[in-house]
Amino acid sequence: MDYSKLIHDMNETWSLKRVSFDKSEIAYLSNKDTFQGRRLGFLTTAYHQREKLIRSSEIYFAYVFQTWTNAVSEKGTTYPTWMLFSPEKSINENPAILKDICAKVQSIRDVKPTEKNEKSLKKYIEEYLSDVSYFVIPDAYSCGHFVYLSIVYLPPQHVSFFHLGVNLILASPSASKEVLYFPEKYWPEEYRTAYNDGKLAL
């Protein structure tokens, strides 16, 4: 798969589509079209910034490496997932880089870090009640790249056949520190086929 062309074409299409969404489409993208979705995060600033995020968002590749239990088939409601992503062009043209960084990040489980930011990284990936967004991966674990860790809730209706590995997200750092999953209804067929066939675990 030509990731470079795919991400470029998707963002071109998305930049035209996002400006014309009506309130019902914004509610769907914001996960506010269900009772549970409207309740989740209602008291947070990010919840009220979602429309702004969506209307200024870009599509990025993210590498999702764990869910709350990893038993995603047993989930019937929105649940947290741990992901790495980056604004770097080189990574979004070759998301396999994120898999290598993920292996490095997960190696922190086996050490006792002394640096404050490394202690934070270990806590965020080991404690299932963690909540973090746009945490910059420490240099010792980022393989020379600028990479974020975020814990993002996945509404199953947005990605009904979710897999760990490469996923698509919407982000707009200037609008919100929240990240949203890019719903499957907007996926191009090439990506949908590869994802459904499990070819994006890398």
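The values are calculated or read from the model by the stated rules, or taken from the named source; none is laboratory data. Predicted model, so just to flag it, every value in this text is computed and none were measured. Neighbour counts run over all protein chains shown; Cβ positions are idealised from the backbone, glycine included.
Looking only at residues in the range 122-145 that are in contact with a strand residue (DSSP E or B) (Cβ under 7 Å, 6 or more places away or on another chain) and hydrophobic (A, V, I, L, M, F, W, C), the one that is surrounded by the fewest Cβ atoms within 10 Å (Cβ to Cβ) is 136. The numbered conditions (1) closer than 26 Å to residue 21 by Cβ; (2) of a type in the set (A, V, I, L, M); (3) in contact with a Lys or Arg (Cβ under 9 Å, 6 or more places away or on another chain) are all true for residue 111 except (1).
Across the range 149-191, the qualifying residues are those that are part of a loop (DSSP other than H, G, I, E, B), of a type in the set (Phe, Trp, Tyr) and modelled with pLDDT of 95 or more, and the one among them that is farthest from residue 119 (Cα to Cα) is 187. Taken together, 172, 120 contain a single residue that is free of Cβ contacts under 8 Å to residues at least 24 places away in the same chain and under 28 Å from residue 49 (Cα atoms), which is 120.
Checking each residue of the range 31-41 against the condition of being modelled with pLDDT under 95, out of contact with any Asp or Glu (no Cβ under 8 Å at 6 or more places or on another chain), crowded, with 17+ Cβ neighbours inside 10 Å and on the phi < 0 side of the Ramachandran plot gives at least one match. The sole residue among 199, 116, 185, 99 that is among the basic types (Lys, Arg) and touching a strand residue (DSSP E or B) at 6+ places or on another chain (Cβ under 8 Å) is 99. Residue 157 satisfies every condition listed in (1) closer than 20 Å to residue 124 by Cα; (2) touching a Ser or Thr at 6+ places or on another chain (Cβ under 8 Å) except (1). Against the test of being in contact with a Gly (Cβ under 8 Å, 6 or more places away or on another chain) and over 18 Å from residue 44 (Cβ atoms), the options 188, 156 yield a single qualifying residue, 156.
The single condition among (1) within 14 Å of the chain's Cα centre (by Cα); (2) in a helix (DSSP H, G or I) that residue 107 does not satisfy is (1).
Quick one: is residue 178 of a type in the set (Asp, Glu), in contact (Cβ under 8 Å) with a residue 60 or more places away in the chain, under 24 Å from residue 18 (Cα atoms) and crowded, with 21+ Cβ neighbours inside 10 Å?
Details: of a type in the set (Asp, Glu): yes; in contact (Cβ under 8 Å) with a residue 60 or more places away in the chain: yes; under 24 Å from residue 18 (Cα atoms): yes; crowded, with 21+ Cβ neighbours inside 10 Å: yes.
Taking the combined requirement at face value, the residue satisfies it.
Restricting to the range 27-55, name every residue that is over 15 Å from residue 181 (Cβ atoms) and either part of a loop (DSSP other than H, G, I, E, B) or among the β-branched types (Val, Ile, Thr) (or both). Scanning the range 27-55 gives 42, 43, 44, 45, 49.
Condition (residue is among the polar types (S, T, N, Q), surrounded by fewer than 20 Cβ atoms within 10 Å (Cβ to Cβ), at pLDDT 95 or above and assigned to a helix (DSSP H, G or I)) applied to the range 111-120: is it met by at least one residue? Checked against the condition, which is being among the polar types (S, T, N, Q), surrounded by fewer than 20 Cβ atoms within 10 Å (Cβ to Cβ), at pLDDT 95 or above and assigned to a helix (DSSP H, G or I), the range 111-120 yields at least one hit.
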